[in-house]
Amino acid sequence: MLFYLDESWNTWNDLENKEQPIHFINWIWVNFNDIQNIEKDMKNLEINFLPFSQNFDFEFHAIDMAWWKKYFKNFKIDERLKAFEWLINIFEKYDIKFFSQWINKQYLKSKYDNPYHPHYLSFMYLIEKIDRFLEDNDKKWLIIMDKNLETEQNIINNFQDYKKNWTSFWLRKKSINCLIDTVYYTDSYNSYLMQLSDVIWYIYWAYKTASYLWNIEKSWFMRKELFKHYEKIIAKKQYIDVEPKSSSRVTRF
């Protein structure tokens, strides 16, 4: 199985950022046999965004679609909402699953004197989740991540350590048994699957953060329109939540 990872709200060492209090990281699981068809479907969508989709760095980037940014600033809200709907239809069409992990930064800082960076911590927790899921399903997996030059080598090093040894945190540590090779990185505009992961993450994030005060957010109307898609994903059991039964991890709002 292939897993495509995306992250958001990475504020590095600023754990008291009130505008981005949660660090999100998520993956979509894609069956290798479906990838070519998914790419074909997404490529067909680009026709609706000519001539901008002819640019090498055009991508279905959720923030751009929701916030009138980059190439999507040239399209009306109904056209951008339609793009979200088309992409959700592709997600639902194939055997794709969505996994997520998030870290409450302020709670993390209050709990530990010298906390792990939220990115590395959420990555480790998500590795545990997915490996636990695949152990139960007798499958192996490979990771593709969005490029991030500041964290790439550390993530690769951590990844190799999890394979050779255990994840951290004593009684809750886990041996990682289903990982293959290493972590691979690519720019998201070069990967349709990375873009699909980003769009699914945005819809999940919009729903999960709806209780925050976002009165200055330009995309509030669009976020509300996207909530129904989140409900469909949950109803179809495409969202997978694999947590230890006794977990007090720093993943609460």
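The values are calculated or read from the model by the stated rules, or taken from the named source; none is laboratory data. Everything numeric in this text was worked out from a predicted model, so none of it was measured. Virtual Cβ from ideal backbone geometry, glycine too; neighbours counted across all protein chains shown.
Okay, here's what the table says:
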{"quantity": "Filter result for the condition that a residue is of a type outside the set (G, A, S) and either within 26 Å of K76 (Cβ to Cβ) or assigned to a helix (DSSP H, G or I) (or both), over N26, N10, N48, N17", "calculated": "N48"}
{"quantity": "Residue satisfying all of: in the stretch 110-134; over 16 Å from the mean Cα position of the chain (by Cα) and surrounded by 15 or more Cβ atoms within 10 Å (Cβ to Cβ); farthest from I96 (Cα to Cα) among these", "calculated": "P115"}
{"quantity": "Subset of the stretch 153-204 (residues that are in contact (Cβ under 8 Å) with a residue 60 or more places away in the chain and over 18 Å from the mean Cα position of the chain (by Cα))", "calculated": "R172"}
{"quantity": "Matching residues, the stretch 1-28, being modelled with pLDDT of 80 or more and hydroxyl-bearing (S, T, Y)", "calculated": "Y4"}
{"quantity": "Residue within the stretch 182-193 that is surrounded by fewer than 21 Cβ atoms within 10 Å (Cβ to Cβ), in contact with a helix residue (DSSP H, G or I) (Cβ under 7 Å, 6 or more places away or on another chain), under 16 Å from L126 (Cα atoms) and not hydrophobic (A, V, I, L, M, F, W, C) present", "calculated": "yes"}
{"quantity": "Some residue of the stretch 67-77 being in a loop (DSSP other than H, G, I, E, B) and within 24 Å of K208 (Cα to Cα)", "calculated": "yes"}
{"quantity": "One residue from N31, N48, N104, N74 being buried (at least 19 other Cβ atoms within 10 Å of the Cβ) and either over 20 Å from the mean Cα position of the chain (by Cα) or closer than 30 Å to N177 by Cα (or both)", "calculated": "N104"}
{"quantity": "Cross-chain or 6+ apart pairs with Cβ under 9 Å, the stretch 103-126 first and outside any helix (DSSP H, G or I), then basic (K, R)", "calculated": "I103/R249; N104/R252; P115/K105; P115/K109"}
{"quantity": "Hits in the stretch 187-209 - residues which are farther than 15 Å from W29 by Cα and at pLDDT 90 or above", "calculated": "D187, S188, Y189, N190"}
{"quantity": "The stretch 143-157: number of residues that are at pLDDT below 80 and surrounded by 15 or more Cβ atoms within 10 Å (Cβ to Cβ)", "calculated": "1"}
